[in-house]
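A.B. asks: The structure that follows is given in the form of structure tokens.
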């Protein structure tokens, strides 16, 4: 007989959920508050901060919780503070799209199309002239470097330094120090001065995070301690909270399908295997349609070849077949190479030059820790119209 199920509210297990407090991040939140609140409350200054943290270190949650807290404190003190969170990967790394999304989040009305980036900066400055202190929270800013180079980073840092008497706050997050390659000079110095580096979560912190999320998402008594321990252990190598929470969600879904009364260790084991071999849905959602098509094509080519790597040419051929199936005009080789580089940057692909056994030189592409049959079902997302 089927039970009532283990899930009470799945939302606390979703990437969009931001808890009221973050395990192990009180010091970082306090530091950011000290940088931004004083200039925001007196309406002067242009604070700038850099957040460094690999995927799963709580970087995105930190930015979103910071937004919630400083906006609330500004309202309490009668000094309006408005934060605009933007995923730079989600905006394709294009400065115009990033600023456009920031302005929408800041409440800008009207048609922004056809405007230059400089004009959009001007609109942001106009918001500060109305007595509102704007703070831009630009997550995964390496996407900007990937798409447009270092010039937009320089423009952003200059805007933060000289946006006017009322000021502008800017937070740029990167997935690691190596992601800042290409930024130099005064911009890099300014970023380093306000750097906040997020270490990976410890095993004990991951266990606490899992217990916190389980208490909100699952029915009382619907998870065994051994299951939490197993997921915490599996996630502790990288200190990856995102992986841990995703594994917990998959384990709960498996238990639900079985009609089990609680999430047991066997569910956790299967969930960890599934999460380890499948791409993160949140990451997939940040890819363009053509990037997902190319990733699916690589999976198909690997499955057909029966090996761990596939030459670039074979991946391109499979990609063109997929494009024809969906009635989409394929991108050229140069653009596909950019996709391969980006998919490598975000941790989905491995790239290496060919060696002996190949005629001429090519790039060999592999899936980084993923199974080929786990990436072939994600070529499109409903409603996706991005073509980059």
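A.B. asks: Exactly one condition in (1) over 28 Å from residue 155 (Cβ atoms); (2) assigned by TED's automatic domain parsing to the domain that holds residue 172; (3) outside any helix (DSSP H, G or I) is false for residue 30; which is it?
C.D. replies: It is condition (3) that residue 30 fails.
A.B. asks: Would you mention how many residues in segment 44-87 are in a loop (DSSP other than H, G, I, E, B) and more than 21 Å from the chain's Cα centre (by Cα)?
C.D. replies: Residues in segment 44-87 being in a loop (DSSP other than H, G, I, E, B) and more than 21 Å from the chain's Cα centre (by Cα): 8 in total.
A.B. asks: What helices (runs of 4 or more DSSP H) completely inside segment 264-316 contain at least 2 residues that are within 30 Å of residue 87 (Cα to Cα) and out of contact with any helix residue (DSSP H, G or I) (no Cβ under 7 Å at 6 or more places or on another chain)?
C.D. replies: 265-277, 281-285
A.B. asks: Here's something else I'd like to know. Would you confirm, using the coordinates I've provided, whether residue 168 is crowded, with 23+ Cβ neighbours inside 10 Å, over 21 Å from the mean Cα position of the chain (by Cα) and over 20 Å from residue 138 (Cβ atoms)?
C.D. replies: no
A.B. asks: Now a separate question. Which one of these does residue 6 not meet: (1) assigned by TED's automatic domain parsing to the domain that holds residue 179; (2) touching a strand residue (DSSP E or B) at 6+ places or on another chain (Cβ under 8 Å); (3) surrounded by 17 or more Cβ atoms within 10 Å (Cβ to Cβ)?
C.D. replies: It is condition (1) that residue 6 fails.
A.B. asks: Tally up the residues in segment 88-128 that are in a loop (DSSP other than H, G, I, E, B) and surrounded by 13 or more Cβ atoms within 10 Å (Cβ to Cβ), please.
C.D. replies: 11
A.B. asks: Within segment 306-330, take every residue that is in contact with a strand residue (DSSP E or B) (Cβ under 7 Å, 6 or more places away or on another chain) and farther than 19 Å from residue 371 by Cβ and give me the one that is surrounded by the fewest Cβ atoms within 10 Å (Cβ to Cβ).
C.D. replies: By that ranking, first place goes to 311.
The values are calculated or read from the model by the stated rules, or taken from the named source; none is laboratory data. Remember, it's a predicted structure, so these values are computed and weren't measured experimentally. Backbone-built Cβ (ideal geometry, glycine too); neighbour counts: all protein chains shown.
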